[in-house]
Amino acid sequence: MHYPIDRPMTRQGIEKGYWELRKDRNLYKTMNLMARHYAANAKSAIDVGSYIGGFICDLDWIPERLATDINNYEKQWSEVQGVTFKKADAFKLERKFDLVISNQTIEHIPDARAFAEKLCSLGPTVMVSTTYQVPHGRVEGHIHDPIDMDQFLSWFPRKPKFAAIVDDVPFDNIFGVF
């Protein structure tokens with residue numbers, strides 16, 4: 001199996017799986033290109049707040065890949081070759097990685113600035129995405145919406161190497177490499 005076991009988005013009335021709906025979006029295509037550019041020689045990568053999103057699975061040139069989430073998705077990740085899953089609180093992670101990834105997570109974290117600082121402490125290259133200008137209350141659990149580029153960048157202790165708004169469906173996204 002190439003990706004974690006997907007689960008239908010039945011709460012939203014959608015029969016397709018979470019990752020199946022997302023894997024071909026412009027955001028992940030852009031992220032893959034930027035990972036190949038900024039982390040071409042990476043030996044290790046971590047996806048913080050991975051849920052069952054399979055982006056890290058596509059970074060197959062990186063020999064050591066770890067997916068983490070505060071919730072336990074070990075079963076969904078159990079058959080994925082080349083990626084290990086670990087239930088972990090991002091704020092308690094200590095180990096360093098060449099590439100740190102966090103997709104669509106920061107908008108759920110009450111202290112986004114502390115989360116961004118923690119991500120930057122874990123490695124020299126950090127890639128983060130979030131939704132762009134989604135109206136407040138439109139997506140359950142998004143506590144910072146609407147998020148604009150200035151707000152997003154203000155959370156990070158480093159200047160971005162790359163930052164863009166990526167046109168996508170159903171929402172545009174902000175993506176940054178720090």
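The values are calculated or read from the model by the stated rules, or taken from the named source; none is laboratory data. Predicted model only: the values in this text are computed from it and were never measured. For neighbour counting, all protein chains shown are included, and Cβ atoms are generated from backbone atoms with ideal geometry for every residue, glycine included.
For D24, the conditions (1) under 17 Å from N173 (Cβ atoms); (2) charged (D, E, K, R); (3) in contact with a strand residue (DSSP E or B) (Cβ under 9 Å, 6 or more places away or on another chain) all hold with the exception of (3). Among the residues of the stretch 17-47, those identified as over 24 Å from Q76 (Cβ atoms) and not aliphatic (A, V, I, L, M) are N26, T30, R36, H37, Y38, N41, K43. Condition check for Q104 on (1) under 16 Å from W19 (Cβ atoms); (2) of a type outside the set (F, W, Y); (3) over 15 Å from the mean Cα position of the chain (by Cα): one failure, at (3). Touching a residue at least 40 places away in the same chain (Cβ under 8 Å), over 23 Å from R7 (Cβ atoms), touching a strand residue (DSSP E or B) at 6+ places or on another chain (Cβ under 7 Å) and not hydroxyl-bearing (S, T, Y), is that true of V48? The answer is no for V48.
Report the residue count in the stretch 5-16 for those that are under 28 Å from I165 (Cβ atoms) and at pLDDT 85 or above. The qualifying residues number 1. When K159, K86, K96, K92 are checked against the criterion of being surrounded by fewer than 13 Cβ atoms within 10 Å (Cβ to Cβ), closer than 14 Å to A45 by Cα and of a type outside the set (S, T, N, Q), a single residue qualifies: K96. Residues that are in contact (Cβ under 8 Å) with a residue 24 or more places away in the chain, over 13 Å from the mean Cα position of the chain (by Cα) and in a helix (DSSP H, G or I) were ranked within the stretch 107-131; the one that is nearest to T30 (Cα to Cα) is C120. Residue count for the stretch 140-150 under the criterion of being among the hydrophobic types (A, V, I, L, M, F, W, C) and either surrounded by 16 or more Cβ atoms within 10 Å (Cβ to Cβ) or in contact (Cβ under 8 Å) with a residue 60 or more places away in the chain (or both): the result is 1.
When you go through K96, K92, K75, K87 one by one, which is the residue that is under 19 Å from A35 (Cβ atoms) and either among the acidic types (D, E) or at pLDDT 95 or above (or both)?
Working: K92 fails: under 19 Å from A35 (Cβ atoms); K75 fails: under 19 Å from A35 (Cβ atoms); K87 fails: under 19 Å from A35 (Cβ atoms).
After applying the criteria, what remains is K96.
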